[in-house]
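> Handing you this structure, nothing more for now.
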Amino acid sequence: MTELPETAAFVDPAHLLEAGPSGFVRNLERLLQHLGYEGVVNVDGPGDKGADIYATRNGERWIIQAKWKQSSNVGKDAVTEVSRALLFYGADRGAVITNRGFTSGAKSEKNRIEGLGQQVTLWTGESLVALSQDPHFFQQNLPAPDHRPYQVEALVALRHDLGSRRRALLVLATGLGKTVVAGEVLAWFLRENPDAQVLLLANRIDLVHQLERAIWRHLDPSVRTQVLHGQERPNALTGVTLATVQSAVTYVRSGYRPGLIIVDEAHNVTPDGDYAELLDLTTDARQLGVTATPWRADGYNIEERFGEASYKMGIADGIKMGYLADVDYKLYLDTVDWKAVRSLSSNNYSIRELNSKLFMPQMDEAIRDHLLDVWNTTINPRAIVFCQTIEHAERMKNLLRRVGNWALTETVHADLTMRDRRLNLLRFRNGDIPVLTAVDILNEGVDIPDVNILCFARVTHSRKVFVQQLGRGVRLSPGKNAVTVLDFVTDIRRLKAVTDLGAAFETGQDTEVLHMPGPGNVTFVENDQVGGFLRQWINDVANLDSEGDQARLDFPPI
């Protein structure tokens with residue numbers, strides 16, 4: 001008798017029962033990927049119209065409703081809801097999936113709906129086990145990207161440091177695959193320690209869920225994952241746990257001791273607080289910090305926690321080596337009051353005072369017009385406009401919608417539900433939405449490689465935010481090799497950050513990344529007289545980009 005393959009851990013009936021409704025949906029997401037579904041997106045939430053998961057397989061669009069049950073079977077209402085969802089989403093096929101079974105009424109409703117021309121599948125808990133054991137459908141290994149040479153070098157360096165000093169730090173610019181490298185570290189550790197517990201930390205719940213989905217392709221199906229945060233608290237933290245630090249530290253206080261801890265967005269680590277307490281209590285664990293932007297406004301150096309960076313590569317080097325899109329950087333200095341510049345002398349102004357005297361407000365209409373000029377000369381344009389506030393993002397959305405090509409412009413910000421943010425991002429990736437206006441919600445952890453126009457409208461001076469937002473546009477994708485950036489500068493510190501980026505291309509000396517000489521492709525569009533003067537003055541001012549609003553500066557006569 002032929003022995004069946006082992007059941008995938010994430011569809012084991014006991015695990016699904018313990019996972020609860022939300023965990024059940026996520027485990028189905030993972031299963032669908034192993035069954036060859038693509039573009040798997042969780043759309044569960046208020047107003048989902050009966051859909052929990054949207055996915056495609058063999059060119060067909062699927063709508064799936066997940067029904068977690070403690071003991072009872074699923075009735076006909078769930079099948080009716082999927083039928084309605086098929087119409088709402090314009091999908092080709094529907095499915096109701098449960099960890100239990102279906103009533104006779106549900107099966108009759110399925111037959112009725114199929115008689116009307118819709119295709120609906122019913123999967124039971126037994127079906128999930130059978131699918132995970134069927135080699136004709138179930139892929140043991142999810143498709144993984146080819147590792148770039150620098151990623152291999154980074155992995156070797158991280159393994160060495162985690163082995164020798166049990167601490168490591170990876171600094172890779174957005175788009176260079178820091179999560180891929182971290183996932184390979186995780187896979188290596190579990191191969192060496194198959195029974196170990198692993199903890200991955202993120203600073204927001206949405207990033208916790210995103211990180212869980214990102215690591216699945218690095219894990220064997222025998223490894224379970226679960227999330228831990230204020231809304232979900234699993235009974236056991238076996239396998240890999242993805243958590244917010246605020247929730248994880250309570251388990252650590254109670255004795256939870258993972259063998260490996262990976263801190264995503266490690267620039268959020270401070271010398272005290274929850275991160276510090278958790279890491280201090282788990283000194284026997286190997287600890288890895290991962291970030292694209294290691295700088296902190298308070299001056300704390302995260303290398304004090306994780307040790308000297310094991311591997312670094314920034315945006316400038318990624319572009320020069322061909323792993324990130326070229327940047328055509330248009331720095332608009334028509335907001336600079338040149339008359340004010342001429343009248344300024346050594347008055348020991350604070351940065352706040354200097355900004356108020358130096359920069360004139362840029363009207364939203366002018367930003368729209370500049371964006372439209374670039375849009376009309378870009379092949380397959382897709383744009384993100386970064387705004388200062390939610391109110392500004394909504395105002396810009398409404399303004400841009402008046403332009404014919406941009407009638408479907410949408411926003412992404414914290415006031416939207418998680419479901420609406422996901423749907424807007426999905427529609428943007430699919431090309432249904434031409435422009436997104438956004439606030440800080442896109443700074444960390446969002447993959448939107450097709451965007452080829454970035455517009456910084458009324459942005460802050462933050463160097464970290466600047467690099468994070470620029471990183472949204474430099475990912476490569478088929479047919480894209482460059483991103484155009486429109487920067488309407490309103491802070492003297494922003495000029496310093498952009499000047500530093502330009503210098504990194506011109507000299508190959510980016511002070512924050514690996515030093516590698518090579519050609520650059522950052523161009524600046526500016527008033528030559530204003531730009532030349534400001535560049536020279538900026539070069540003479542030390543630490544300008546790290547100073548606060550109240551720092552006082554001498555602005556010399558011209």
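Read the figures in this text as sums done on the coordinates, not as results from a lab. Small disclaimer: the values here were computed from a predicted structure and weren't measured. Cβ placement follows ideal geometry from the backbone for every residue including glycine, while neighbour counts extend to all protein chains displayed.
> When a/c reaches 1.5 or more, the comparison of a/b and b/c decides; with that in mind, is segment 185-325 rounded, prolate or oblate per its Cα gyration tensor? Mind showing how you got there, number by number?
Values: a/c = 1.71, a/b = 1.27, b/c = 1.35.
Since a/c reaches 1.5 but b/c is at least a/b, the shape of segment 185-325 is classed as oblate.
> Ok, one more. Count the net charge of all other residues whose Cβ sits under 12 Å from the Cβ of Ala91, scoring Lys and Arg as +1 and Asp and Glu as -1. Don't skip to the end; give the middle numbers.
Numbers: positive: Lys49, Arg57, Arg61, Arg84, Arg93; negative: Glu60, Asp92.
It works out to a net charge of +3.
> Still on this model: Efficiency by 1/(1 + (r/R0)^6): what FRET value for Val403 and Arg204, r their Cβ-Cβ distance, R0 = 41 Å, to the nearest 0.05?
That pair, Val403 with Arg204, gives E of 0.80.
> Note down the net charge around Leu122, summing +1 for each Lys or Arg and -1 for each Asp or Glu among other residues with Cβ under 14 Å from its Cβ. Show your work: numbers first, answer last.
On the way: positive: Lys67, Lys69, Lys76, Arg93, Arg100, Lys107, Lys110, Arg112; negative: Asp77, Glu81, Glu109, Glu114, Glu126.
Residues near Leu122 contribute +3 overall.
> Quick check: from the Cα gyration tensor, does segment 1-98 come out rounded (a/c under 1.5), prolate or oblate?
Details: a/c = 1.90, a/b = 1.33, b/c = 1.43.
In terms of gyration-tensor shape, oblate.
> Follow-up. When a footprinting reagent is the concern and you count Cβ atoms within 10 Å, what order do Met321, Met396 take, fewest first? Before the final figure, lay out the partial values.
Numbers: Met321 16, Met396 26.
Ascending Cβ contact count within 10 Å gives the list Met321, Met396.
> Something else now. Subtract the Cα-Cα distance of Ala414 and Asn301 from 0.36 nm times their separation in residues, and report this length gain in nm to one decimal. Intermediate values should be presented prior to the final figure.
Numbers: separation 113, 0.36 × 113 = 40.68 nm, distance 2.88 nm.
Separation in residues times 0.36 nm, less the Cα-Cα distance, equals 37.8 nm.
> Determine the gain in length on full extension of the stretch Arg191-Thr238; use 0.36 nm per residue of separation and subtract their C-alpha separation, reporting nm with one decimal.
On the way: separation 47, 0.36 × 47 = 16.92 nm, distance 1.54 nm.
Result: 15.4 nm gained on full extension.
> For a footprinting-style exposure proxy, rank Glu304, Glu394, Glu114 by other Cβ within 10 Å, fewest first. Write down the numbers at each step before the final one.
On the way: Glu304 9, Glu394 16, Glu114 13.
By the 10 Å Cβ count, ascending: Glu304, Glu114, Glu394.
> Just want the ordering: Ser222, Ser164, from fewest to most Cβ atoms lying within 10 Å of their own Cβ. Numbers along the way, then the final one.
Values: Ser222 15, Ser164 9.
Listed from fewest to most nearby Cβ atoms, that is Ser164, Ser222.
> Here's a follow-up. Sticking with the crude label model, points 7 Å out along Cα→Cβ, report the distance from Arg257 to Ser477 in nm, one decimal please.
My value for the distance between the label points is 4.6 nm.
> Subtract the Cα-Cα distance of Met321 and Asp134 from 0.36 nm times their separation in residues, and report this length gain in nm to one decimal. Can you show the working numbers first?
Details: separation 187, 0.36 × 187 = 67.32 nm, distance 4.27 nm.
Answer, rounded to one decimal: 63.1 nm.
> In addition: Tell me which residues come under 5 Å, amide H to amide H, from Lys69 once H is placed; ignore anything under 5 positions away on its chain.
Under 5 Å from the amide H of Lys69 lie the amide H atoms of Asn99, Arg100, each far enough along the sequence or on another chain.
> Here's another thing I want to ask about it. Take the residue pairs Lys49/Lys397; Lys67/Lys110; Lys397/Lys480; Lys178/Lys397 and return only those whose Cα atoms are more than 20 Å apart. Present the calculation step by step, with values, prior to reporting the outcome.
Details: Lys49/Lys397 25 Å; Lys67/Lys110 15 Å; Lys397/Lys480 25 Å; Lys178/Lys397 32 Å.
Beyond 20 Å: Lys49/Lys397; Lys397/Lys480; Lys178/Lys397.
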